[in-house]
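Quick notes on the structure that follows.
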Amino acid sequence: MRSTFKPLSLPHSSSTLPNGLRVVVHEDTTSPIVAVHLMYHAGSKDERVGRTGLAHLLEHLLFEGSENCPKGEFDRLLERVGGTNNGSTWLDRTNYYEVVPSHAVELALWLERERMGHFLPVLDSEMLDVQRSVVINERKQVYENRPYGLAHEKLHELLFPPDHPYSWPTIGYTPDLEAMTLEDARDFYSRYYAPDNAVLVLAGDVSESEGFELANRYFGDLQASGVRERAATNGHVAEGRATELEDRVSFPRIYYAYAVPPFGTNEWIHLDVLSYLLADGESSRLQRSLIRDHELAQDVDTYLHPTELAGIFGIEATARSGVGPDRLRVAVDEVVEQIADGGVTDAEVVGAIRRVRRDHLNSLANVEERAEELAYASTVLSSAGRLEELLNAYATVEAEDVQRVAQTYLGVENRATVVVVPGGEDEPIG
Amino acid sequence: MSRLAERPPVAAIPRPRPGTPPIPSVPEPDRFTLENGLRVVAVARPGLPQVVGRIVVPAGSAADPRDAPGTAHLVGSLLTEGTDEHSAIELNERIDLLGASLGVRVGHDYSEIALALLAETLDEGLDLLARVVATATFPPREVERVRAESLDALEARLDEPANVADDHASEAIFGTEHPYGRLPIGTIDGVRRLRRDTLIDFHRSRYRPDGGVLIIAGDLGGGDLRSRLETAFSSWDGSVERPLYPDLPAGPEPSGPLLTIDWEDSAQGEIRVAGLGIPRNSPDWVPATVANYILGGSTITGRLGANLREDKGWTYGVRSVFVPGLHPGGWIVETAVGAEVTMDALEEIERELQRMVDEPVSAEELTRASEALILSLPHAFETPGRIVSRLATVEAFDLEHDYWHRFPERIHRVTREEIRSIAVTCFSPDRLARVIVGPKPPGEG
């Protein structure tokens, strides 16, 4: 059985300013709002050992005001026009975005101009100290003080060698955060926060001509910073490495990660379908086997990161009470092997593609995420147009493609394993 | 030479002054009632081929039988575990093949069955939704499996200090006799004892069309939605009333003791400051929203965020929230701070609350909050999913049908005096419970 999928379309125009800033405009007048998205091609992968967490700390600093927009004003100005704004840092990129009613597009662009062109003069040690403290608290709240919170950090340390830029966490290590200097922040900013290392997307109730005109007005005079050298990328060496962590938790949880082809490749798409087929939906292979049929797991999930140097495929499952982590591992391994050896059905593939599409539609339903997706394709794949191509490439995935990537990439030797087990006295019998 | 010179300074451009804001447009839904009494609220949003829907029925944990806490929640978890036409496996294979997601959320007042679909599978999806709400069968094997999962989940959630803090705060406000003081998921003892018969009875009496509402938005296709829904829901009938609620407790003991729960070696202290709020359909909800926005509804620009995060760097985030409910819900300040500053942070929070009580907010703060709330409307109605959420609020809490249309003018009318009066009623520190989950403060060793 084959289902037909109406192609998704995301009409947009792209252009590059003389200073290298790439601009993408996507007009959609459904709601009188516009998403303004600035994505810098710099993330935690552009940090160095000993200064991890710098990209993210800098992101925090860049909400603390600029030469012509004092601390606090940034948020207040946007609030006043009904806008929202945020930023985030990940392995390959840092982004800043506003969603504003259509009358305030220029304000959002002006604020981003301030961020790109007028930040260094206000950067001082007091600002650094406060945000360093906020980030250290963020690390505590989101990672250290949360059950299983340090598992992914450990997983990436195992999956990549120590000098590979995906081996450390985006939040950074606390001693590195404590050691961070103003000079570190200035260097990173000067190197990466420049028009020729950024993509600007305007999505929503804004016309193409207005979008390009405004981009030029607010960014055209900013100077390029020249070619930036990129961190060398080493191959990963998981070699089946595994470790166990004790945590204050009631149930064991297992984490697998595999380094796979990067975002933008056909194989990445096949792996994405595999990921949905394995664990999205209650009839998916892993959920059915682990949760329903054998009652070994409370939950099981898979993910595939759309990352640039390598994709990262993950599987994780939490044990039911009385189930030890080894039984859980064997059960997951069996399901993956069954797919590698026996393949999948056409119906499973169609269902998985539809569920991928459901999630794509859900994120494309709002201009904020649409802008981000266009910016990400433009940043990591060099062209916003690749997004539409990728979204529509799922329709051609076949059962053999899914089996092949399971065989090729989900082998034991390719993966890193972290097992989190209950620490202390209340350890259940495993 | 300094690195700053690598790029020459750029000229400042004057900050643009935004012109006239767009008039917030709120969709006009179609409203009709099916023959079986199910109310329908529908908004056509062609564009992307997706449909989002939600059925809301008064089958929340407030309707749990007195001796069977957790009934509503377990019923919700079991809705998608078999119907009169499908085994649990067949049903879930069907949902997954359609590319749909069908999830149930059980709160205190309501159970909500949420559906997300590709437009091309709309009719099949509506059929499944109808089957699930009308004919769930509660197969014994699935009851036992889902019960065991719930018991594990009840245990696992106490691994998180944030959950422990939330639970104590709710109990401090409402006690354990009022449904709002108890978790919808129930208790370990209660869930262990639940009988399948009780679940079936609860479903039979509470999942009824007359008394519920379906909200649906998205690419609804060209056909007549009403007749498609009549067909899909034709075998569902009967009516249901809201459950009776016990009298509301008086709220936390005035100036009660600080409740501290020791969490050894914790890197942070979880803080909750909580009291009684107001019902969602109270005329005070709008001024309360503005008051709360100024205090801590806006996590960074609010007074709490500006103080604890932006000024002191003690926390990644702090916020305050009025919990919406048919009856007065909680009002809660929540944050997690570095363990060493836990007591200082609590003091600062109380200082900010007292300031809201003692002094009127500035005109500038009021204007900024009002503009922010009004101008965020287009964003709040941007997607089918958000439209469904906003309209579900109207339906669930008996708000006027033009609630969102009149929202801007109501916000505009809010005065500084009204905000002060909300602060006196809801934010006065001596009327609030205080909970800390974290390491023992020094000296208590």
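The values are calculated or read from the model by the stated rules, or taken from the named source; none is laboratory data. This is a predicted model, so every value here is computed, not measured. FYI the Cβ positions are ideal-geometry reconstructions off the backbone, even for glycines, and counts take in every protein chain you see.
In table form, for the structure just shown:
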{"read-out": "Close pairs from the stretch A:176-195: first without any contact (Cβ under 8 Å) to a residue 40 or more places away in the chain, partner surrounded by fewer than 17 Cβ atoms within 10 Å (Cβ to Cβ) and in a helix (DSSP H, G or I), Cβ under 7 Å, at least 6 apart", "value": "A:D187/B:R3"}
{"read-out": "The stretch B:93-122 - residue that is among the charged types (D, E, K, R) and modelled with pLDDT of 95 or more and, of those, surrounded by the fewest Cβ atoms within 10 Å (Cβ to Cβ)", "value": "B:R105"}
{"read-out": "Which listed residue is of a type in the set (K, R), farther than 25 Å from B:S389 by Cα and free of Cβ contacts under 8 Å to residues at least 40 places away in the same chain, from B:R204, B:R196, B:R192", "value": "B:R204"}
{"read-out": "Filter pass, A:T265 being more than 18 Å from A:V332 (Cα to Cα), among the hydroxyl-bearing types (S, T, Y) and assigned by TED's automatic domain parsing to the domain that holds A:A352", "value": "yes"}
{"read-out": "Positions within the stretch B:158-189 being without any contact (Cβ under 8 Å) to a residue 24 or more places away in the chain and over 18 Å from B:S61 (Cα atoms), in sequence order", "value": "B:L158, B:D159, B:E160, B:N163"}
{"read-out": "Which listed residue is under 29 Å from A:E67 (Cβ atoms) and within 13 Å of another protein chain (Cβ to nearest Cβ), from B:R45, B:R15", "value": "B:R15"}
{"read-out": "Yes/no for B:P179 being within 21 Å of the chain's Cα centre (by Cα) and crowded, with 20+ Cβ neighbours inside 10 Å", "value": "yes"}
{"read-out": "Count of residues meeting criterion [assigned to a helix (DSSP H, G or I) and either of a type outside the set (F, W, Y) or touching a strand residue (DSSP E or B) at 6+ places or on another chain (Cβ under 7 Å) (or both)] in the stretch A:268-318", "value": "20"}
{"read-out": "Residue within the stretch B:193-203 that is among the acidic types (D, E), part of a helix (DSSP H, G or I) and crowded, with 21+ Cβ neighbours inside 10 Å present", "value": "no"}
{"read-out": "Among the candidates B:E365, B:E382, B:E371, residue that is touching a helix residue (DSSP H, G or I) at 6+ places or on another chain (Cβ under 9 Å) and outside any helix (DSSP H, G or I)", "value": "B:E382"}
{"read-out": "B:T260 being assigned to a strand (DSSP E or B), polar (S, T, N, Q) and either in contact with a strand residue (DSSP E or B) (Cβ under 6 Å, 6 or more places away or on another chain) or more than 12 Å from chain A (Cβ to nearest Cβ) (or both)", "value": "yes"}
{"read-out": "Residue, farthest from B:G385 (Cα to Cα), within the stretch B:70-121, restricted to residues that are without any contact (Cβ under 8 Å) to a residue 24 or more places away in the chain and more than 8 Å from chain A (Cβ to nearest Cβ)", "value": "B:E90"}
{"read-out": "Single residue of B:P46, B:P16, B:P65 found to be under 30 Å from A:P7 (Cα atoms) and either out of contact with any strand residue (DSSP E or B) (no Cβ under 7 Å at 6 or more places or on another chain) or surrounded by fewer than 22 Cβ atoms within 10 Å (Cβ to Cβ) (or both)", "value": "B:P46"}
{"read-out": "Selection count where residues are in contact with a Gly (Cβ under 7 Å, 6 or more places away or on another chain) and either within 14 Å of chain B (Cβ to nearest Cβ) or of a type in the set (K, R) (or both), scope the stretch A:321-351", "value": "1"}
{"read-out": "The stretch A:54-83, residues that are among the charged types (D, E, K, R), within 11 Å of another protein chain (Cβ to nearest Cβ) and out of contact with any His (no Cβ under 9 Å at 6 or more places or on another chain)", "value": "A:E64, A:K71, A:E73, A:D75, A:R76, A:E79, A:R80"}
{"read-out": "Number of positions in the stretch A:175-220 that are buried (at least 19 other Cβ atoms within 10 Å of the Cβ) and either under 22 Å from A:V122 (Cα atoms) or polar (S, T, N, Q) (or both)", "value": "14"}
{"read-out": "Residue check for B:G53: free of Cβ contacts under 8 Å to residues at least 24 places away in the same chain and either of a type outside the set (S, T, Y) or not assigned by TED's automatic domain parsing to the domain that holds B:H379 (or both)", "value": "no"}
{"read-out": "Subset of the stretch A:170-208 [in a loop (DSSP other than H, G, I, E, B) and either within 19 Å of A:W90 (Cα to Cα) or among the hydrophobic types (A, V, I, L, M, F, W, C) (or both)]", "value": "A:T170, A:I171, A:G172, A:Y173, A:M180, A:Y193, A:A194, A:V206"}
{"read-out": "Complete set of residues in the stretch A:84-97 that are in contact with a helix residue (DSSP H, G or I) (Cβ under 6 Å, 6 or more places away or on another chain) and within 11 Å of chain B (Cβ to nearest Cβ)", "value": "A:N85"}
{"read-out": "Selected residue (only one of B:T301, B:T335, B:T289 is surrounded by fewer than 21 Cβ atoms within 10 Å (Cβ to Cβ) and either in the same structural domain as B:D358 (by TED's automatic domain parsing) or over 22 Å from the mean Cα position of the chain (by Cα) (or both))", "value": "B:T289"}
{"read-out": "Candidates B:N307, B:N281 - the one that is in a helix (DSSP H, G or I) and out of contact with any Ser or Thr (no Cβ under 7 Å at 6 or more places or on another chain)", "value": "B:N307"}
{"read-out": "Identity of the residue in the stretch B:234-280, closer than 29 Å to B:R39 by Cβ and among the aromatic types (F, W, Y), that ends up modelled with the lowest pLDDT", "value": "B:Y245"}
{"read-out": "Unique residue being under 25 Å from A:H360 (Cβ atoms), hydrophobic (A, V, I, L, M, F, W, C) and modelled with pLDDT under 95 when the list is A:M1, A:M39", "value": "A:M1"}
{"read-out": "Members of the stretch A:319-341 found to be assigned to a helix (DSSP H, G or I) and not hydrophobic (A, V, I, L, M, F, W, C), listed by number", "value": "A:P325, A:D326, A:R327, A:R329, A:D333, A:E334, A:E337, A:Q338, A:D341"}
{"read-out": "Any hit, the stretch A:356-368, residues being farther than 23 Å from A:R93 by Cα, charged (D, E, K, R), assigned to a helix (DSSP H, G or I) and in contact with a strand residue (DSSP E or B) (Cβ under 9 Å, 6 or more places away or on another chain)", "value": "yes"}
{"read-out": "Every pair of residues 6+ apart whose Cβ atoms lie under 6 Å, when the first sits in the stretch B:371-388 and is within 14 Å of A:L364 (Cα to Cα) and within 7 Å of another protein chain (Cβ to nearest Cβ) while the second is part of a helix (DSSP H, G or I) and of a type outside the set (V, I, T)", "value": "none"}
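Results for (1) farther than 24 Å from A:T307 by Cβ; (2) assigned by TED's automatic domain parsing to the domain that holds A:V418; (3) not β-branched (V, I, T), shown as yes or no for each residue.
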position: A:Q131; (1), (2), (3): yes, no, yes
position: A:V142; (1), (2), (3): no, no, no
position: A:L150; (1), (2), (3): no, no, yes
position: A:W168; (1), (2), (3): no, no, yes
position: A:Y192; (1), (2), (3): no, no, yes
position: A:V206; (1), (2), (3): yes, no, no
position: A:L214; (1), (2), (3): yes, no, yes
